[in-house]
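The values are calculated or read from the model by the stated rules, or taken from the named source; none is laboratory data. Given the structure is predicted, the values throughout are model-derived calculations rather than measurements. Neighbour counts are summed over all protein chains in view; Cβ atoms, including those assigned to glycine, are modelled from backbone coordinates with ideal geometry. Please note that ligands, DNA and RNA were not included when accessible areas were found on the heavy atoms of the full protein model with its side chains. Shrake-Rupley method; radii C 1.70, N 1.55, O 1.52, S 1.80 Å.
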Amino acid sequence: MESDTEHKKTNENTGTNDSFSETQFVDVLLPVPVPGLFTYRVPAEMNEELSVGARVIVPFGSRKVLTAVIARIHQNPPSKYTAKYVLELLDESPMLMPTQLQLFKWMADYYLCTMGEVLNVAMPSGLKISSQSRIQLRPGAEWADKEINEKELQLLEALKEKPSLTYEEAAEAASIKNIYHLIKSLIGKSLIIVFEEIKERYQPKVIKKIRLTRDYLSKQELENLSQKLESKPKQLNNLLFYLRHVPVFKDWTLNEKGMDKSEFLKNQEVSDAALKTLTKNEIFEEFEVTVSRFEEISPDASAQFTLSETQQRSSDDIMTQFQDKNVVLLQGVTGSGKTEIYIDLIRKVLESGSQVLYLLPEIALTTQIVARLRKIFGSQMGVYHSKFSDNERVETWQGVITGKFSFVVAVRSGIFLPFDNLGLIIVDEEHETSYKQYDPAPRYHARDMALVIALQQHCKVLLGSATPSTETYYHAQTGKYGLIQLTERFGNAQMPDIYLVDTRAEKKAKTLKGHFSSKLIEEIKARLDKKEQVILFQNRRGYAPYMTCRECAWIPRCTNCDVSLTYHMHSNQLRCHYCGHQAPPPRVCSSCGSTRIETVGLGTEKIEDDLKIFFPEARIQRMDLDTTRTKNSYQRILQEFENHQIDILVGTQMISKGLDFDNVSLVGIFDADRILNFPDFRAHERAFQIMTQVSGRAGRKDKPGEVVIQTYDVGQEILGKIIKNDYEAMYLSEIEERSSFAYPPFTRLIRLTTKHLDQRLSEDAAQQLAQKLIEKLGRARVLGPEPALVHRIRNQYLYNLLIKIERDNVDLKAVKKYIQDKVEEVITSRVYKKVQIVIDVDPI
């Protein structure tokens, strides 16, 4: 392990090692939740190949091997333990940049976690090694005098042919489904051994191709071959088919590239058996080519555009403000054309030779924007998000290192990409909570990390939103950030008209149809008659929030969590959205035995189901977590909606973010009261943001837009601000309240959560921690402990402490160190050693 002073040296050492006269050591960062770096000895043959940022395989503990990253190269053996040897060097050149290692250190300090936890989240899974169990014959094994059955003999004979087999290969060789008892038996007879094979998870994409061998690369040889194959029509057909698709007579070098074997065999004219014969006779040869998983795309000239006068002025003003400010907020109403301004700035930065990172809050949003940006920037743009496979994410990571991708569109994990020459980071929809990582540590906020990266790499940050977070707008108002505002929509588009519907009054008048007001039904019908599209928003998935007994009010609850189970009609299941527990819907009440069980409330499934009854001819699609689990589901749904193959799109908050559709003229919002009355100091700000954002999907082009908000309390003040689109009034109300009650941006928050299966133990640990913190911080800064909003999750009881720290005249590092020390005191005590304490800095 190394000291803080040594760690600073680590980050300064960015080159390869030049001196090989002494034994070399490396300090490495491991993806484990243990503080500090670990020192390993370098085998002499690796000395000249080492570089900071390269990956190595090292032993850890008695049995584990892990992927580590070199943070420092030196000649100093550790004083407290004997250094183990590095097992293998994985990279010829660094896979992480020095700036990333500096970022990891900063994040570990700020978010009160370890650098190993940061590395574990930052590095794609495909860059970490994996191991696979294999079996082989025990050296000198003899089984002539042992009792073995037929299946065991089959497996032993197979192992004589091959040096080792995976469990799957062994099962196939023995013609048996469950191989484990067979392996156990042979181990007991000392005939086989099991070992772990270590390999990289990332596998380059390889395609098989075919081409003519060198003996047939002349016109005369091919003519002779054709004559020889006249008596073998299938082989001749294969040859002629190849020559039609690879015209070697025009250019013999085309044969070098050959033809995809899979494409060749797709055609009905050719024969697989004939190709095998031609390959065996050395007329054709097979070879493999490593290719990118990303299609090469050229920019589309027709996708280019010219900024409007307002957009051009805003773009110029941003560049001017960047001369004085590192961060600029672009506040533009929905549909004002912020994306075009982003594109203009990206072009300028790329032309200057710098890199660009464009962050988006949701994968759903990347789908539509990526398609548009690809037409403009072609293959120099990369994409990075969790719906990509491990291999695809590694190729984007490598593409940033090699310079293939100078511009990447990403979700929050994009902050970890190995950029070393960033000129601009764009954080679109900067107010979105999706930028916050909840589990596991580090619990970072990507917007805040963008600001840190910008300071490290001396680049600029553009924050964009129609409804900025209160903290961001405060910094813009106080002069810390620059501010550019777009107050009108692009072109001829107008802001939508917003109507409030009193569902309490409609319920009394008996004009509600299920959960649909008469106004909403009427407006949907009018839009469908005009062939226009509708978006309906309900921020709760499933069919109904819960089921209940009409006789005794019993409600099915999760066995692991303190929540009711949500009913999902399509799978006919009750599900817990916290732990994943599932149960069949009850036919009788488990409390009183009544069969009068009914659903209560509504989710997106219920809305979809009711729409099919009210509008049987309409084409309806749901977009929520349940319908977007597969890789291309977002893209498919949005493409169908854009192509007018869907009339009504029902969704959760993923449909509220930045989507741009010309034909949407109506947005309906259900259950506004649930959003407004959530027990959180940001509830009204969030309600304003989400309702304004989803309203902004209507009337974005020439068609006028309308929004219908259904609520039981039309008199709420915040709803009046939403109708007027009065962000300024919302902000002034919020900032005054936060100043009065000492909430961000006037203070910093740290939430500590105790977790344990025993309720009393969890509560006692929280009380003990609170007492220790109050000793130095004082009762005014330490709130709680209180039971969490959902008191039990996965059978663990949760208690929260909230710490408020003033922004001025406080040594934040010292306070955090004190908090960390007290947390460690509690969890290392004999009584509370099994209690987990989660630290969340800047919770949202």
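Counting only pairs 8 or more residues apart or on different chains, how many lysine pairs in region 458-530 have their Cα atoms under 29 Å apart? Lysine pairs, 8 or more places apart or on different chains, close enough: 12.
Our summary gives region 737-844 a relative contact order of 40 percent, counting only alpha carbon pairs under 8 angstrom and 6 or more residues apart. Think of the chain as a dipole: +1 on every Lys or Arg Cβ, -1 on every Asp or Glu Cβ, centred on the Cα centre; then among ALA44, PRO418, HIS515, HIS515 lies furthest on the positive end.
Highest average first, the peptides 294-306, 824-836, 414-426 ordered by how many other beta carbon atoms sit within 10 Å of their residues are 414-426, 824-836, 294-306. Relative to the dominant Cα principal axis of the chain, helix 363-377 is inclined by about 60°.
Ranked highest first by the average count of other Cβ atoms within 10 Å around their residues, in what order do 650-657, 25-32 fall?
Numbers: 650-657: 23.6, 25-32: 21.9.
In descending order of packing, they fall as 650-657, 25-32.
Return one number: the angle in degrees, 0 to 90 and rounded to the nearest 10, between the long axis of the Cα atoms of helix 219-228 and the longest principal axis of the Cα atoms of the chain. That works out to roughly 80 degrees.
Once all protein chains are placed together, VAL56 keeps about 0 Å² accessible to a 1.4 angstrom probe. Taking the average, over residues, of other Cβ atoms within 10 Å as the packing measure, peptides 695-704, 517-526, 534-543 rank 534-543, 695-704, 517-526 from highest down. Here's the picture: charge each Lys and Arg Cβ at +1 and each Asp and Glu Cβ at -1 in region 309-399, and of GLY332, GLN321, PRO361 the one pushed furthest to the positive end of that dipole is PRO361. Only Cα pairs under 8 Å and 6+ residues apart enter the sum, and on that basis the relative contact order of the chain stands at 9 percent. Computed from Cα positions, the angle between helix 812-827 and the longest principal axis of the chain comes to roughly 70 degrees. For LYS404, the aspartates and glutamates whose Cα falls under 13 Å of its own Cα, not counting residues fewer than eight places away in the same chain, are GLU295, GLU296, GLU395. In the chain, helices alone account for a calculated mean residue ellipticity at 222 nm of -10500 deg cm²/dmol, with every DSSP H run of four or more residues adding -39,500 (n - 2.57).
Taken one residue at a time, the phi angles of region 258-264 give Karplus couplings (6.51, -1.76, 1.60, θ = phi - 60°) of x, 9, 4, 4, 5, 5, 4 Hz. Gly and Pro are set to x. Seen from THR396, the other residues with C-beta closer than 10 Å to its C-beta sum to a net charge of +1, counting Lys and Arg as +1 and Asp and Glu as -1. Once all protein chains are placed together, ARG443 keeps about 30 Å² accessible to a 1.4 angstrom probe. Working note: Karplus 6.51/-1.76/1.60 with θ = phi - 60° gives region 512-517 the couplings 6, 10, x, 10, 9, 6 Hz, where Gly and Pro are set to x.
Rolling a 1.4 Å probe over the heavy atoms of the protein chains gives the chain an accessible area of 47 Å² per residue. For MET623, nonlocal amide neighbours, meaning residues 5 or more places apart or on other chains whose placed amide H falls under 5 Å from its own, are VAL650, GLY651, THR652. For the chain, the Cys residues with no second cysteine's beta carbon closer than 4.7 Å are CYS113, CYS459, CYS579.
State the Kirkwood hydrodynamic radius of the chain in Å, one decimal place, computed from all pairs of distinct Cα atoms. Don't jump to the answer; show the numbers that get you there.
Values: mean 1/r = 0.0317 Å⁻¹.
Hydrodynamic radius (Kirkwood, Cα pairs) of the chain is 31.6 Å.
Rounded, prolate or oblate for region 772-824? Axes are the square roots of the Cα gyration tensor eigenvalues, ordered a ≥ b ≥ c, and the cut-off for rounded is a/c under 1.5.
Numbers: a/c = 2.55, a/b = 2.04, b/c = 1.25.
Note, shape of region 772-824 comes out prolate.
ASP316 exposes around 70 Å² of accessible area when a 1.4 Å probe is run over every protein chain in place. Percent of alpha carbon pairs in region 386-459 separated by more than 16 Å? Looking at region 386-459, the distances longer than 16 Å represent 53 percent of pairs. Computed over protein heavy atoms with a 1.4 angstrom probe, the accessible surface ordering of TYR438, TYR40, largest first, is TYR438, TYR40. Accessible surface ranking for ASP260, ASP673, 1.4 angstrom probe, highest first: ASP260, ASP673.
When you restrict to C-alpha pairs under 8 Å that are six or more residues apart and normalise by the size of region 619-701, the relative contact order lands at 33 percent. Shown here for region 620-700: GluC sites (Glu not before Pro) in loop regions (DSSP other than H, G, I, E, B) with at most 15 other Cβ atoms within 10 Å, of which there are none. In region 378-445, the portion of solvent-accessible area held by carbon and sulfur atoms comes to 44 percent [1.4 Å probe, whole percent, DNA, RNA and ligands not counted].
Overall, the anisotropy analysis places region 16-122 in the prolate class: the square-rooted eigenvalues a ≥ b ≥ c of its C-alpha gyration tensor yield a/c not less than 1.5, with a/b exceeding b/c.
The listed residues VAL121, VAL823 rank as VAL121, VAL823 when sorted by accessible area, largest first, using a 1.4 Å probe. Each part reduced to its alpha carbon centroid, region 219-290 and region 95-155 end up 43 Å apart. Remark on PHE407: its backbone amide H falls under 5 Å from those of VAL356, GLY382, a criterion applied only to residues 5 or more positions apart or on other chains, H modelled at 1.01 Å from N. Oblate is the label for region 525-638. Its Cα gyration tensor axes, ordered a ≥ b ≥ c, give a/c of at least 1.5 and b/c at or above a/b. Sparse packing (at most 12 other Cβ atoms within 10 Å of the Cβ) combined with a DSSP loop state is found for the following trypsin sites (Lys or Arg not before Pro) in region 227-258: LYS250.
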